[in-house]
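J.: Here it is, the structure in full.
The values are calculated or read from the model by the stated rules, or taken from the named source; none is laboratory data. This one's a predicted model, so the numbers in the text were calculated from it and none came from an experiment. Note that we place each Cβ from the backbone using ideal geometry, even for glycine, and neighbour counts take in every protein chain shown.
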Amino acid sequence: MKKIAQIGFIAVLAVIAVALPLFIGENPYVIGILISVLMMAALSSAWNILGGYAGQYSFGHAAYFGAGAYTTLILLTLYNLNPLICIALGIISSMLIALITGSIVFRLRGHYFGLASIAVAEIVRLSVLNFEFTGGAQGILLMDVALWNLDLNSKTPFYYGMLLVLAVTLGITAYLQKSKTGYYLQAIREDQDAASSLGINISFYKNKALLISAALTSVLGSLYGLYIRFIDTSAVLDLRLSIEIILTAIIGGVGTLWGPVVGAILLVPLAEALRSNLLGDVLIHAGLVSETSGVGVFLKENLAHAHVLVYGIITVLCILYLPKGLLGLFRRVNK
């Protein structure tokens, strides 16, 4: 009975997600926020396969995101290939980077692994920055692209593209939870030495999780490149992107199916509200803060740049009081 209720709930969510653009219409601002929510939820879910279930906290996932974005836009710009072929080749390039990364960094554990993953991502970023065919510091501008009869000047196709990748990522995660690979990954997360003593091939399953995670991340990078039409290293290879992906999973509930989605639904609109100074305007219009007061002036001038600080505060509070994230709190309340 419980399983039927879960399936029904997921079906309702899927119908709402598919129908949402029909009710919103062509409102570019709202659709843009929804695309960002879906993309971050999918990115965090892809990272969660490696970081949440295998316990390998990679700070270098921007490298796979950037590999997908750069491969796709370079091939479209130079050779005008079909975008789907470019996305597939982007997956291959990101998986090659993942194989090289895994062979190096999986020899390390804990903080050393995290530092090594940052180093690999920085090597990728600096390499792209200094190659001529990648556009260097100027980046790549995509003038036009066509895919079947879709209007790619509209944001709606990218909404459904991000939604599809999120659904696939959640489906893979749900399958892994109940599969032998998933159990092995969780065993590695809990105690690598004990897992190894039981005959689990630690290196193989870590690399398997990394390859799956990198491939999904690459697809999202390709879609983002097609959506934005302009990329540079600060947009798709920045360390901040990797950190935001991790924070989304931690705040929502790392190592859970829906935690990254919950985290994205909370953090992306919150970041947008801060960037647009919406929260400051609400406080001022509600009469809680005077616009001419020192606090009001401070909010108007500084709140737009405070989203990373707010992320940090929320993360610290979650670590201290909600170690299992918001999803863990929800489950605890409903027991």
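J.: Taking the conditions exactly as written (assigned to a helix (DSSP H, G or I) and surrounded by fewer than 17 Cβ atoms within 10 Å (Cβ to Cβ)), does Ser213 satisfy them or not?
T.: It is false that Ser213 is assigned to a helix (DSSP H, G or I) and surrounded by fewer than 17 Cβ atoms within 10 Å (Cβ to Cβ).
J.: Have a look at Ile202, Ile231 and point out the one that is of a type outside the set (Ser, Thr, Tyr) and under 26 Å from Thr71 (Cα atoms).
T.: The unique qualifying residue is Ile231.
J.: Further question: Do the conditions hold for Ala88, that is, is it crowded, with 24+ Cβ neighbours inside 10 Å, among the hydrophobic types (A, V, I, L, M, F, W, C) and modelled with pLDDT of 95 or more?
T.: It is false that Ala88 is crowded, with 24+ Cβ neighbours inside 10 Å, among the hydrophobic types (A, V, I, L, M, F, W, C) and modelled with pLDDT of 95 or more.
J.: Considering only segment 91-190, give the helices (runs of 4 or more DSSP H) lying wholly within it that have at least 3 residues that are among the hydrophobic types (A, V, I, L, M, F, W, C), crowded, with 21+ Cβ neighbours inside 10 Å and in contact with a Ser or Thr (Cβ under 6 Å, 6 or more places away or on another chain). Steps first, please.
T.: Working: elements: 110-130, 156-178, 180-190.
Of the helices (runs of 4 or more DSSP H) lying wholly inside segment 91-190, none has at least 3 residues that are among the hydrophobic types (A, V, I, L, M, F, W, C), crowded, with 21+ Cβ neighbours inside 10 Å and in contact with a Ser or Thr (Cβ under 6 Å, 6 or more places away or on another chain).
J.: Would a scan of segment 146-169 turn up a residue that is in contact with a strand residue (DSSP E or B) (Cβ under 9 Å, 6 or more places away or on another chain) and either free of Cβ contacts under 8 Å to residues at least 24 places away in the same chain or at positive phi (or both)?
T.: yes
J.: What's the number of the condition Ile200 fails, among (1) farther than 27 Å from Ala235 by Cα; (2) in a helix (DSSP H, G or I)?
T.: So Ile200 meets the others, but not (2).
J.: Could you check segment 196-222 and list, in sequence order, the residues that are more than 17 Å from Met95 (Cβ to Cβ) and not β-branched (Val, Ile, Thr)? Before you say what the answer is, go through the steps one by one.
T.: Going residue by residue through segment 196-222, those that are more than 17 Å from Met95 (Cβ to Cβ) are 196-202.
Listed by number, the residues that qualify are Ser196, Ser197, Leu198, Gly199, Asn201.
J.: Output the residue which, of all residues in segment 66-90 that are in a helix (DSSP H, G or I) and out of contact with any helix residue (DSSP H, G or I) (no Cβ under 8 Å at 6 or more places or on another chain), is nearest to Leu216 (Cα to Cα).
T.: Per the stated criteria, the residue is Ala88.
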